[in-house]
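Structure first, then comments.
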Amino acid sequence: MLANSPFAGSSLAVLVLVGCALLSWPLGRWLRAAMDPQTASGPLARCDAWFRRLGGGATAGEHGWRRYCVQLLVFNVVMFTVGVLLLALQPGLPLNPDGKGALEWSLVFHTGASFTTNTNLQHYSGEVAMSHGSQLWALMWQQFVSAATGLAALTALARGLAGRPLGNFFVDVQRATFLVLLPLSLLVACLLVLGGMPMTLDGAVQATTLEGAVQTIARGPVAAFVAIKQLGTNGGGFFGPNSTHPFENPSFATNVVTTMALIVLPMACVWLFGRIVGNRRHAVVLFAAMSVLLLAKLGVAMACESAPTPAFAGLPVAGDVGNLEGKELRFGPGAAPLWAVLTTCTSNGSVNCMHDSLNPLTGLVPMVGMWLNETFGGVGVGMINLFVYLVLAVFVAGMMVGRTPEYLSRRVEVHEVKLAVLAMFAHALCILGGTALFAATSWGIGTPNDPGAHGFSEILYEFTSAAANNGSGFEGLGDNTVPWNVATGLVMLLARFVPIVLPLAIAGALAGKRTTAASAGTLAVDTPTFGVMVLATIVFLGALTFLPAAALGPIAEHLQTVR
Amino acid sequence: MAKPPTSLFAAALVRPALVQAVRKLDPRVLARNPVMFVTMLGAVVTTVAIPTAGEELGFVAQLAAWLWFTLLFANFAEAMAEGRGKAQADALRAARSDTMANRLIGQGRIEPVAASALRKGDTVVVAVGETIPADGDVVDGIASVDESAITGESAPVIRESGGDRCAVSGGTRVLSDRIVVRITVERGHGFLDRMIAMVEGARRQKTPNEVALTVLLAALTLIFLLVCVTLQPFGQWAGASFSTPVLVALLVCLIPTTIGALISAIGISGIDRLIQRNVLATSGRAVEAAGDVDVLMLDKTGTITLGNRMATAFLPAPGIAAERLADAAQLASLADETPEGRSIVVLAKQQFQLRGREVQAPHATFVPFTAQTRMSGVDLLGGASKRRIRKGAVEAVREFVAAQGGATDPAVLATAESVARGGGTALLVAEGSQVLGVVHLKDVVKGGIKQRFAQLRAVGIRTVMITGDNPLTAAAIAAEAGVDAFLAQATPETKLARIREEQAKGHLVAMTGDGTNDAPALAQADVGVAMNTGTQAAREAGNMVDLDSNPTKLLEIVEIGKQLIMTRGALTTFSLANDLAKYFAILPAMFAGIYATGPGPGPLAALDVMHLHSPHSAILAAVVFNALVILLLIPLALRGVAWRAAGAAAVLRRNLLVYGLGGVLAPFVGIKALDLLLVALHLV
């Protein structure tokens, strides 16, 4: 039945990806106009004047990278503190129709860190633990401003590469929130309500089933929450099961809308970058390189998921419908791998199937996505992560053409290389260091549901998800413990701000350099060859670091099952 | 310069390099290179593990041995690169042997002092056969000097006071005459001293690009250290334990030892390749900058055109026979020893079979060229007739004719004008009051130079021709030579301004110069190559000195700079690309026992795509490959990767294919072959 569906397999992927790629172009134009306005008159300029007036002294002036980073960090510290306070004081705050109780301290810290950092790794189930007030004020608000932080940081980075001051964070974050995220979320939320998603401030409903049992059906302002969850690459679900829940993703139509909302802004961020640095062909090459990675991951995931789960081997079950374990059949068979790949390419982390139930090698694909973390990536930050690889690619490729390496006409020297490799090291340290610590100590041993390779994958996935600020879970991990909450909370904070501050420092350093003229002898960053170079850098510097861990996790599990 | 051995692996170089390779195992030396330092720590740890290895004794001992070999190969590469410089330095030092000098102490009195006692500002007298004691400027006299100690060129050069040929170097020998030299440098800072320091690499500092690459390699080492250290707890989870030597083997294979081992040899040999071409760079930084240069400012004369203009045609005035013009021109040029003059004599002979006549002094008075008259010629007074023949600049000859009461035919002036417009120089020839016609002198563009410029354009380098000619002439020659732009009627000031202008537009500029008035421009240029024949001021201002004084060499200098950086990039790529195959050799060997359900190997043994003999042979083969590849790449590091005149896109494509794709594939073949060999030799 499913195999005959018009949207079987790759058709959905083609529809979503082509549709988003087309939409991302005008959206990128809008992003440029909104985030980095070039006109002194018109409605956008009036908005800008408003933003400047709102912050008084703080929103005055354009700054270098140091001041910009301080502004960004101050804002995020405030965001984190307010979020943590709201969660800690939940029982006493309004909009708590179901009388949700207090949260454990490490969970409050973890959740605060998780939503401040745009990760939305959830060690709780929303419908059980959170009041409507917490969902809206502590969590949804952060989903807006954390995504806005990423967008602001990318804009600043691109300005620096264009040789300009990085800007004013307090202005940028307002532009991102009010001109980009709010209008888009409103649009998507309306579509979702039309698709049958609940949107109410009332509490849960008591229902009596046909058998006479009483059932509590949780509901709330779901549509609003899901819109920004997807658009802002947040991923934190209103309900515990995330977008597999029938109220969080009721139908095929809402699934298409939310899948598109997941990838469209990260795609548009590439164009935003290209427009500000003034080299759109460069952006095309980066977009193409990211697309190649995306399609490769998607291809592997779809091929692997087309086989039934290994647990069915030898059982009298139809073998031609692929792996249906942990899938929501209302979305069609291609929807799960597509979402799984997109949600981990970007730093979204919402799920519409259970990643734990993916076939072993399919399960590797989301991990690869998060290890690399720059296949479009999170809103703003995905492109920033790619920038780190670009610096290294340009450095090696620049030498190969026989010149002191330069990127966008500015020389890449020891300072820039140092900061870029530091960012790469931080990412690897968070994942490998954290996994090693928990695999070897009682903090981690015993927390996975499964022994052996699959259990290892669960630990590896959790740290990977935290370090990539992704937030998806492999599940099957008893992760609401103090060590898990504290460790992944710290990893999320570290993995969020180190990879934002270091690239901004690079951009600041490059902005101050004398430009060199381009000639036939300079490395062109807008050619397919450079695209290949970028891909090679990502694979050899990024992916190879994780090959041993991959071998002991998903690859070992896969090889065990094929024997 | 005493020619050093030219073969890359001459025995005279290899033997001392082997000794040096062992000496350089000093941890203090290795600490300069993070990759090799970590390799050394790994070798020490593995060596310490030998006694406790039990059954694996043979395996661990071999592992330790190959790790030490890895270090020795790296040291050998560096020692080989330094060795070539050392051989040259020794030859130079022989020339510096302490000599005696005759110091002038006022009123022509002379006192003999040791050369080492001379101070800056002293004046010394150097006579025939004596060695010039230190660098300085000739303040009096003219002499032919044998500079072969420095340049390797046996033909003597003329050094004279005043002008742009006054600089002499310590260690060179006066062959004729006697000169007075003012010492311009303190002892130990002379040209020869700088050369020795340079070729020895004694004061070699890492260049900016080299430092950046070292940082990248150190960080990658740190990342792979993290990978290897975390592997132990990962293994524990799976119920496996890895021995330290095996983890060290994985680490050494993953960290970029290939480029780490060769990085210093690449830098030294870049400078060495310059020295081979008789160019001395004051720093490695200058060589790197040469690779970045995208504008070359080239003097027209000597670089783009043959040094001299040649007569190419006789264009007679209306009513005058061409033969008469040729005859008069030849007569006027007989005593003219300048190349232009000689070319007129030759042309007349070729076209009209007019033989150069001996004109004896009683009959003829030769009028030499001066900057004031801008004419030369001859007055023939013998016999009845009195002939006054002049040739020279159009204006000068016109005035000469007018003074004799004659007039210049407008047709002749038109001819002269068209010659000038075509890039040539018109010489007017007159006899008495009559203008006979025009001799067309032409710059002869060097053969092959146009193709050279086209190559440069392909790699993104623009050429700017500098000339004192008027814009008309300059444009014509520029078109013929194929340069991209020209600077006509150049003065030292306009040269400097042009360099600044190019730099402001983001270009990096290289230029050559010799005169003292070139010094500011040489200092301003990103790469300033001073001619060795030039003045001391010019030699100090530039960051390179060309001992052959051949301005065309600028092109080679740029190539060497590019090649140096390219070699670094190519070997870095190769080194990193190698990791894939090494993973596929070592990981299956390490993980073979994990999750095994029976007595056979576990599921991860399937990763052994190369089907290697055993875990031990696989690990050893990877380590041996890692060590041998350093040895195999030493010639490439010393020679540099092949340089082709192509745009950046094509170069990148080619290097990515050769060193990237090649780097991925080569170790699969190499490790498999070594595995077979190790088994055949019963080493595992």
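The values are calculated or read from the model by the stated rules, or taken from the named source; none is laboratory data. These numbers come from a predicted model, not from an experiment. A quick note on method: Cβ atoms are made from the backbone with ideal geometry, for glycine too, and the neighbour counts reach across all protein chains shown. When the accessible area is computed, the model is the full protein with side chains, heavy atoms only, and any ligands, DNA or RNA have been set aside. Shrake-Rupley method; radii C 1.70, N 1.55, O 1.52, S 1.80 Å.
With the requirement that a residue be open to solvent by 10 Å² or more (accessible area, probe 1.4 Å) and closer than 23 Å to A:Ala549 by Cα, what does the range A:411-422 give you? If you could, list the steps in order and put the result at the bottom.
Start the filter on the range A:411-422 by keeping residues that are open to solvent by 10 Å² or more (accessible area, probe 1.4 Å), which leaves A:411, A:413-415, A:418-419, A:422.
The one that is open to solvent by 10 Å² or more (accessible area, probe 1.4 Å) and closer than 23 Å to A:Ala549 by Cα: A:Leu422.
Restricting to the range A:344-371, give me the number of residues that are more than 20 Å from A:Phe331 (Cα to Cα) and of a type in the set (S, T, N, Q).
Total meeting the criteria: 2.
Return the residues of the range A:193-232 that are exposed (fewer than 13 other Cβ atoms within 10 Å of the Cβ), in contact with a strand residue (DSSP E or B) (Cβ under 6 Å, 6 or more places away or on another chain) and either in a loop (DSSP other than H, G, I, E, B) or among the acidic types (Asp, Glu) (or both); say none if nothing qualifies.
A:Thr209 - this is the single residue of the range A:193-232 that is exposed (fewer than 13 other Cβ atoms within 10 Å of the Cβ), in contact with a strand residue (DSSP E or B) (Cβ under 6 Å, 6 or more places away or on another chain) and either in a loop (DSSP other than H, G, I, E, B) or among the acidic types (Asp, Glu) (or both).
Please go through the range A:109-155 and pick out each residue that is outside any helix (DSSP H, G or I) and either surrounded by fewer than 24 Cβ atoms within 10 Å (Cβ to Cβ) or within 17 Å of the chain's Cα centre (by Cα) (or both).
If the condition is that a residue be outside any helix (DSSP H, G or I) and either surrounded by fewer than 24 Cβ atoms within 10 Å (Cβ to Cβ) or within 17 Å of the chain's Cα centre (by Cα) (or both), then A:Thr117, A:Asn118, A:Thr119, A:Asn120, A:Leu121, A:Gln122, A:His123, A:Tyr124, A:Ser125 are the ones that fit.
Name, by its number, the condition in (1) assigned to a strand (DSSP E or B); (2) more than 28 Å from the chain's Cα centre (by Cα) that does not hold for B:Gly162.
Result: B:Gly162 passes all but (1).
Could you please let me know if A:Ala524 is within 9 Å of chain B (Cβ to nearest Cβ), open to solvent by 10 Å² or more (accessible area, probe 1.4 Å) and touching a Gly at 6+ places or on another chain (Cβ under 8 Å)?
no
Can you list the helices (runs of 4 or more DSSP H) found entirely within the range B:566-684 that contain at least 3 residues being within 23 Å of A:Val525 (Cα to Cα) and of a type outside the set (D, E, K, R)?
Of the helices (runs of 4 or more DSSP H) lying wholly inside the range B:566-684, those with at least 3 residues that are within 23 Å of A:Val525 (Cα to Cα) and of a type outside the set (D, E, K, R) span B:648-655.
I need the full set of residues from the range A:261-320 which are of a type in the set (D, E, K, R), within 30 Å of A:Pro165 (Cα to Cα) and not in a helix (DSSP H, G or I), in order please.
Here is the first cut: in the range A:261-320, the ones of a type in the set (D, E, K, R) are A:275, A:280-281, A:297, A:305, A:320.
With within 30 Å of A:Pro165 (Cα to Cα) added as a condition, the list becomes A:275, A:280-281.
Matches in the range A:261-320: none.
Are any residues in the range B:507-525 modelled with pLDDT under 90 and over 23 Å from B:Gln536 (Cβ atoms), and if so, which ones?
none
Looking at the range B:554-600, which of the residues that are open to solvent by 10 Å² or more (accessible area, probe 1.4 Å) and away from every other protein chain (no Cβ under 11 Å) is modelled with the highest pLDDT?
Top of the filtered list is B:Ala589.
Filter the range B:629-649 down to the residues that are more than 9 Å from chain A (Cβ to nearest Cβ), among the aliphatic types (A, V, I, L, M) and either without any contact (Cβ under 8 Å) to a residue 12 or more places away in the chain or at positive phi (or both) and list them by number.
B:Leu632, B:Ala642 - these are the residues of the range B:629-649 that are more than 9 Å from chain A (Cβ to nearest Cβ), among the aliphatic types (A, V, I, L, M) and either without any contact (Cβ under 8 Å) to a residue 12 or more places away in the chain or at positive phi (or both).
Is it true that B:Ala265 is within 12 Å of chain A (Cβ to nearest Cβ) and either without any contact (Cβ under 8 Å) to a residue 60 or more places away in the chain or in contact with an Asp or Glu (Cβ under 7 Å, 6 or more places away or on another chain) (or both)?
no
Please list, ordered by first then second residue, the pairs with beta carbon atoms under 8 Å, 6 or more apart or interchain, first in the range A:396-418 and facing chain B (nearest Cβ under 7 Å), second basic (Lys, Arg) and open to solvent by 10 Å² or more (accessible area, probe 1.4 Å).
Short answer, once both residue conditions are applied: A:Thr404/A:Arg411.
Kindly provide the set of residues from the range A:368-389 that are under 30 Å from B:Val287 (Cα atoms) and either within 14 Å of chain B (Cβ to nearest Cβ) or open to solvent by 10 Å² or more (accessible area, probe 1.4 Å) (or both), ordered by number.
Once the filter is applied, which keeps residues that are under 30 Å from B:Val287 (Cα atoms) and either within 14 Å of chain B (Cβ to nearest Cβ) or open to solvent by 10 Å² or more (accessible area, probe 1.4 Å) (or both), the range A:368-389 yields A:Val388, A:Tyr389.
Among the residues in the range A:56-68, are any under 15 Å from A:Gly167 (Cα atoms), in a helix (DSSP H, G or I) and among the small types (Gly, Ala, Ser)?
yes
Where residues in the range B:261-283 are small (Gly, Ala, Ser) and over 14 Å from B:Glu78 (Cβ atoms), which of them is modelled with the highest pLDDT?
Residues of the range B:261-283 small (Gly, Ala, Ser): B:261, B:264-265, B:267, B:269-270, B:281, B:283.
Restricting the remaining residues to those that are over 14 Å from B:Glu78 (Cβ atoms) gives B:281, B:283.
Values: B:Ala281: 83, B:Ser283: 78.
Filtering first and then ranking leaves B:Ala281.
In the range A:429-470, how many residues are at positive phi and within 12 Å of chain B (Cβ to nearest Cβ)?
Matching residues across the range A:429-470 total 2.
Do you know which residues across the range B:592-614 are in contact with a Phe, Trp or Tyr (Cβ under 9 Å, 6 or more places away or on another chain) and in contact (Cβ under 8 Å) with a residue 24 or more places away in the chain? Can you show your working first?
So the first thing to find is which residues in the range B:592-614 are in contact with a Phe, Trp or Tyr (Cβ under 9 Å, 6 or more places away or on another chain), and the list is B:602-605, B:607-610.
Those that are in contact with a Phe, Trp or Tyr (Cβ under 9 Å, 6 or more places away or on another chain) and in contact (Cβ under 8 Å) with a residue 24 or more places away in the chain: B:Asp608, B:Val609, B:Met610.
Pick out the one residue from B:Ala414, B:Ala407, B:Ala371 that is open to solvent by 50 Å² or more (accessible area, probe 1.4 Å) and modelled with pLDDT of 90 or more. Spell out how you get there, then give the answer.
Numbers: B:Ala407 fails: modelled with pLDDT of 90 or more; B:Ala371 fails: modelled with pLDDT of 90 or more.
Matching residue, one of B:Ala414, B:Ala407, B:Ala371: B:Ala414.
Among the numbered criteria (1) open to solvent by 20 Å² or more (accessible area, probe 1.4 Å); (2) facing another protein chain (nearest Cβ under 7 Å); (3) in a loop (DSSP other than H, G, I, E, B), which single criterion is violated by A:Val532?
(3)
Considering only the range B:137-153, state which residues are surrounded by fewer than 19 Cβ atoms within 10 Å (Cβ to Cβ) and under 19 Å from B:Val279 (Cβ atoms).
Within the range B:137-153, B:Ser148, B:Gly152, B:Glu153 meet the criteria.
Filter the range B:205-262 down to the residues that are away from chain A (no Cβ under 11 Å) and farther than 29 Å from B:Glu56 by Cβ and list them by number.
Answer for the range B:205-262, where residues must be away from chain A (no Cβ under 11 Å) and farther than 29 Å from B:Glu56 by Cβ: B:Gln205, B:Leu262.
Can you tell me which residue within the range A:419-428, out of those that are of a type in the set (Gly, Ala, Ser) and closer than 24 Å to B:Phe234 by Cα, is nearest to the other protein chains (Cβ to nearest Cβ)?
Of everything passing the filter in the range A:419-428, A:Ala428 is nearest to the other protein chains (Cβ to nearest Cβ).
Against the definition (part of a helix (DSSP H, G or I), crowded, with 24+ Cβ neighbours inside 10 Å and of a type in the set (Ser, Thr, Tyr)), how does A:Ser106 come out, yes or no?
So A:Ser106 fails the test.
Matching residues to (1) at pLDDT 95 or above; (2) touching a Leu at 6+ places or on another chain (Cβ under 6 Å):
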| site | (1), (2) |
| --- | --- |
| A:Phe7 | no, no |
| A:Leu22 | yes, no |
| A:Arg29 | yes, no |
| A:Ser41 | no, no |
| A:Phe51 | no, no |
| A:Cys69 | yes, yes |
| A:Leu72 | yes, no |
| A:Thr81 | yes, no |
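Residues are listed down the side, and each one gets a yes or a no for (1) surrounded by fewer than 21 Cβ atoms within 10 Å (Cβ to Cβ); (2) in a helix (DSSP H, G or I); (3) without any contact (Cβ under 8 Å) to a residue 60 or more places away in the chain:
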| site | (1), (2), (3) |
| --- | --- |
| B:Val14 | yes, yes, no |
| B:Val22 | yes, yes, yes |
| B:Thr46 | no, yes, no |
| B:Leu57 | yes, yes, yes |
| B:Ala61 | yes, yes, yes |
| B:Ala64 | no, yes, no |
| B:Phe69 | yes, yes, no |
| B:Met80 | no, yes, no |
| B:Glu111 | yes, no, yes |
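From the list A:Ala551, A:Ala518, which one is farther than 21 Å from A:Val414 by Cβ, within 10 Å of chain B (Cβ to nearest Cβ), out of contact with any strand residue (DSSP E or B) (no Cβ under 7 Å at 6 or more places or on another chain) and surrounded by 19 or more Cβ atoms within 10 Å (Cβ to Cβ)?
Exactly one residue qualifies, and that residue is A:Ala551.
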